[in-house]
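S.K.: My questions all concern the structure below.
The values are calculated or read from the model by the stated rules, or taken from the named source; none is laboratory data. In this text, all values refer to a predicted model and were calculated from it rather than measured experimentally. No Cβ is skipped: glycine too gets one built from the backbone with ideal geometry, and neighbour counts run over all protein chains shown. The protein model used for the area step is the full one, side chains on, heavy atoms only, and it has no ligands, DNA or RNA in it. Shrake-Rupley method; radii C 1.70, N 1.55, O 1.52, S 1.80 Å.
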Amino acid sequence: MKLHRFHTDSDISKKLIKITDKELINQIKNVLRLNKSDLVILFNSKQEVEASLTNLNDKYVEFKTILYRDNASESNRSVILYCSSLKK
């Protein structure tokens, strides 16, 4: 079973998570066609949660948190990008 991962800026530290982002709602409802009780992973920069879909409509999506864990996906490396100046 594949678990879909979604980045959100919503507060995911609660037991019930309510997401109102229209793009994310469209992705969950119309593109992936997830149903109630489907499992997903929601994450932000600090933590991630495994959650079950409990309510789905056009205005919001609600998830019930199953498992909390720290987000270990962030790299410890620092990346600096430079733009070179081009000649004629």
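S.K.: Please tell me the relative contact order of segment 1-85 in percent, rounded to the nearest whole number, where contacts are Cα pairs under 8 Å and at least six residues apart.
M.R.: Relative contact order, segment 1-85: 28 percent.
S.K.: Starting from the 7 Å offset along Cα-to-Cβ, what nm value, one decimal, do you get for the label separation of Asn44 and Arg69?
M.R.: Going from the Asn44 label point to the Arg69 one covers 2.0 nm.
S.K.: Of Leu53, Asn26, Leu42, whose Cα points farthest to the positive end of the dipole of the chain (charges on the beta-carbon: +1 Lys, Arg; -1 Asp, Glu; origin at the Cα centre)?
M.R.: Checking the options against the dipole of the chain, the answer is Asn26.
S.K.: Rounded to the nearest 5, what is the percent of antiparallel bridges among the DSSP beta bridges in the chain?
M.R.: Around 80 percent antiparallel, to the nearest 5.
S.K.: Right, another one. Quick check: at a probe of 1.4 Å, how many percent of the accessible area of the chain sits on carbon and sulfur atoms?
M.R.: Summing carbon and sulfur atoms, their accessible area is 49 percent of the total for the chain.
S.K.: Decide, for the chain, between rounded, prolate and oblate: order the square roots of the alpha carbon gyration tensor eigenvalues as a ≥ b ≥ c, take rounded if a/c falls under 1.5, and otherwise choose prolate if a/b is larger than b/c, else oblate.
M.R.: Prolate.
S.K.: Using 0.36 nm times the number of residues separating Ser37 and Ser78, minus their current alpha carbon distance, what extension gain do you get?
M.R.: 10.9 nm
S.K.: Which value, in Å², gives the accessible area per residue of segment 19-60 when a 1.4 Å probe is used on the protein heavy atoms?
M.R.: 60
S.K.: Provide the packing ranking of 76-83, 41-48, i.e. peptides ordered by the mean count of other C-beta atoms within 10 Å per residue, highest first.
M.R.: 41-48, 76-83
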